[in-house]
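Here is the structure we will look at.
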Amino acid sequence: MTRIAPSILSADFAALGEDITKVAGDADWLHVDVMDGHFVPNLTIGPPVVKAIRRHSDMYLDCHLMMTNPGQYLEAFRAAGADSCSVHVEIGHTSELIDQMRALGLGVGLAVNPETPIDDCLPWLERIDLLLVMTVHPGFGGQSFMSEVVPKIARARHAIDADGHSVVLEVDGGIDSATAAAVAGAGAEMFVAGSAIFGHDDPAAAVRELRAAGDAARQPA
Ligand code: DX5
Ligand code: ZN
């Protein structure tokens, strides 16, 4: 089954509560894109906004930390109400960061950029809950899906299933009703989407359309 995590990056930050309410009944998780202006060339939001969302909503908050030094902030994200955090494999210190997230009671996510080999993530599968495969270069919403990442998704799916790991395979970037089929076919189950949902006249309908597109691609021929 396809699950959907709307990215608030494409929501109206001046009406964030209202935008979250629009998707709350249909979406599975809420994806929170945290950018530090260093790991990626953009700045977004941090723990105070997570805290404000937590007061407003009981949705599962999936925080994607595009940061060079996430370890310094994990406790603050947890205290603010984050349910899971994903750190990037490219920054290193993966073992310590996994331990730190686990000790805080966070869902443990590992994110990987398009140009980074998926092999860098496979040794960690037994210690994580979530593998976030980027299908655009992180930093901005509204970019085009990179189809060259699809074989990495398939390889991750195979590794997760072959060893019986309970890891959610999440994809992020350029996901819409057209690209959903390729990622679902490769075995992704959690779809992050920003512009396809909050850029739609009816964000709840966009969530349902994305899920239907993913599920249709998953049907055996
Ligand atoms: C990109 C972010 C994504 C982004 C997705 O750096 O990690 O979560 O918001 O936005 P769309 O769906 O517009 O590509
Ligand atoms: Zn993201």
Could you look through region 134-143, keep only residues that are under 13 Å from GLY194 (Cβ atoms) and of a type outside the set (A, V, I, L, M), and pick out the one that is most open to solvent (accessible area, probe 1.4 Å)?
-> PHE140
Taking ALA14 and the conditions (1) away from ligand 2 (no atom under 14 Å from the Cβ); (2) open to solvent by 40 Å² or more (accessible area, probe 1.4 Å); (3) under 16 Å from the mean Cα position of the chain (by Cα), which numbered condition does it fall short on, given that it satisfies the others?
-> (3)
Among LEU110, LEU132, which is modelled with pLDDT of 95 or more, touching a helix residue (DSSP H, G or I) at 6+ places or on another chain (Cβ under 6 Å) and in a strand (DSSP E or B)?
-> LEU110
Within region 198-221, count every residue that is farther than 13 Å from ILE20 by Cα and among the aromatic types (Phe, Trp, Tyr).
-> 0
Out of all the residues in region 158-181, is one or more among the polar types (S, T, N, Q), modelled with pLDDT of 95 or more, away from ligand 2 (no atom under 16 Å from the Cβ) and more than 28 Å from LEU43 (Cβ to Cβ)?
-> yes
Filtered residues of region 144-156 (kept if part of a helix (DSSP H, G or I) and either without any contact (Cβ under 8 Å) to a residue 24 or more places away in the chain or open to solvent by 10 Å² or more (accessible area, probe 1.4 Å) (or both)) = SER147, GLU148, VAL150, PRO151, LYS152, ALA154, ARG155
Take region 113-129 and flag every residue that is part of a loop (DSSP other than H, G, I, E, B) and surrounded by fewer than 21 Cβ atoms within 10 Å (Cβ to Cβ).
-> ASN113, PRO114, GLU115, THR116, PRO117, ASP129
Cβ-Cβ under 7 Å pairs, at least 6 apart or on other chains, region 177-194 side more than 13 Å from ligand 1 (Cβ to nearest atom), far side open to solvent by less than 10 Å² (accessible area, probe 1.4 Å) and part of a helix (DSSP H, G or I) = ALA184/GLY214; ALA186/ILE153; GLY187/ILE153; ALA188/ILE153
Considering only residues of region 199-214 that are open to solvent by 30 Å² or more (accessible area, probe 1.4 Å) and not basic (Lys, Arg), which is nearest to ligand 1 (Cβ to nearest atom)?
-> GLY199
Got a number for residues in region 157-170 being open to solvent by less than 60 Å² (accessible area, probe 1.4 Å), over 14 Å from VAL87 (Cα atoms) and either within 16 Å of ligand 1 (Cβ to nearest atom) or not in a helix (DSSP H, G or I) (or both)?
-> 4
Residues within region 181-209 that are under 20 Å from PHE140 (Cβ atoms), outside any loop (DSSP other than H, G, I, E, B) and not β-branched (Val, Ile, Thr), tallied = 7
Restricting region 1-27 to residues that are assigned to a loop (DSSP other than H, G, I, E, B) and in contact with a Pro (Cβ under 9 Å, 6 or more places away or on another chain), the one nearest to ligand 1 (Cβ to nearest atom) turns out to be ALA11
Is there a residue being assigned to a strand (DSSP E or B), modelled with pLDDT of 95 or more, surrounded by 15 or more Cβ atoms within 10 Å (Cβ to Cβ) and in contact with a strand residue (DSSP E or B) (Cβ under 7 Å, 6 or more places away or on another chain) anywhere in region 37-58?
-> no
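The values are calculated or read from the model by the stated rules, or taken from the named source; none is laboratory data. Everything quoted here is computed from the prediction, not taken from an experiment. All Cβ positions, even for glycine, are placed from backbone atoms using ideal geometry, and neighbour counts span all protein chains on display. For the accessible areas, the whole protein counts, side chains as well, though only heavy atoms, and no ligand, DNA or RNA atoms are used. Shrake-Rupley method; radii C 1.70, N 1.55, O 1.52, S 1.80 Å.
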